[in-house]
Amino acid sequence: MEEILKDMKLGQIIGVYHFEDSCFTVGKILKIDSKYLFLLSYDVNFKEDGIKVFLIDSIKRIILKSDYIEKNRKKIVRFNRENKDIFQELIKNRIKVSVELADRSVEEVYLIEKGEDYFSFQILNDNENITSEEIITKDYLKRIKISNYIEREEYKNFKVITTKNDDEYIAYDLSYSEDYLIFSEKEEFYDIGKINIIPKNMIENISEIEVKLDTTKENFNDLIDFEKDLEIIEILRKCLENKFLVFIDNVDFFETKVGVITNLEDNKIKIKEIDKYGNFYKNSEIYFDEIQLLAAKNYKLGV
């Protein structure tokens, strides 16, 4: 992959898959050296959301050009969460959603009709082209998920929703519509809120939880001199000095390590990790050679 990257131009927008899963980052190339690829990262609305650094040897798949990237650069959908008939909102505004089915498969779709006991969908491929129309019974539909742009809210109190299938959601802004529970799923450190619709009869329990972490949003890129500071050690130092959150991943990690750097040494960092509930829960050491993906996003600890 190193030879391929050498032929790419600075400023070129590409997509980079994370290891061997389906997640990928879209970003503008800032720098390519013998070991790392540096990207100015974009969120799904093509707004800058920090810097990501990829270990080149860990990159297995790169998107050079796709309809998905071009379409999403031009189109940002605003979903009206206040509309009481949420299904008609989806149909009327032709909002793309993800549906999870009873067999655990997930499809990207447009909802085109809702009957009493069924839903009718247009199924989309990776380029958002319609490949088929399908009718799915309501008891076979496990979840509808809507990715919606939000202005960042300061919220602390959440509900933990557990289902009879042992799924767990950290949720807020709960409401009911017909036989469904509608809620926003906590997506800390993103400007995207996932609105979920699940059947009420699938709910096992709803309990309270309080998030104690205090963060503020600032543009990490304002701290970086793109001519001088595009070295992984300098990015880590900026995060340490300014208390920005880091997201560090490795194909062998059980999950992405999220936290704040507490110490920076010659060959490793120490971080205080944040759990999925948004609270500090343990201290960790990460050696530089373990870092296959580093993200410095636009969030820092509150003062």
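The values are calculated or read from the model by the stated rules, or taken from the named source; none is laboratory data. Predicted model, so just to flag it, every value in this text is computed and none were measured. Heads up, the Cβs are rebuilt from the backbone with ideal geometry, glycines too, and the neighbour counts pull from every protein chain shown. Heads up: the accessible areas ignore ligands, DNA and RNA and are worked out on the full protein's heavy atoms, side chains in. Shrake-Rupley method; radii C 1.70, N 1.55, O 1.52, S 1.80 Å.
Take the conditions closer than 30 Å to residue 137 by Cα, aromatic (Phe, Trp, Tyr) and at pLDDT 90 or above and apply them to residue 172. Does it pass?
no
Okay, residues lined up against (1) of a type outside the set (Ser, Thr, Tyr); (2) open to solvent by 80 Å² or more (accessible area, probe 1.4 Å); (3) modelled with pLDDT of 90 or more:
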site: 217; (1), (2), (3): yes, yes, no
site: 237; (1), (2), (3): yes, yes, yes
site: 246; (1), (2), (3): yes, no, yes
site: 258; (1), (2), (3): yes, no, yes
site: 261; (1), (2), (3): yes, no, yes
site: 271; (1), (2), (3): yes, no, yes
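Would you mind stating whether residue 186 is loosely packed, with under 14 Cβ neighbours inside 10 Å, in contact with a Gly (Cβ under 8 Å, 6 or more places away or on another chain) and closer than 30 Å to residue 159 by Cα?
Numbers: loosely packed, with under 14 Cβ neighbours inside 10 Å: no; in contact with a Gly (Cβ under 8 Å, 6 or more places away or on another chain): yes; closer than 30 Å to residue 159 by Cα: yes.
The answer is no for residue 186.
If you check 103, 126, which single one turns out to be in a loop (DSSP other than H, G, I, E, B) and at pLDDT 90 or above?
103
Does residue 54 satisfy the criteria of being at pLDDT below 80 and either in a loop (DSSP other than H, G, I, E, B) or surrounded by 15 or more Cβ atoms within 10 Å (Cβ to Cβ) (or both)?
no
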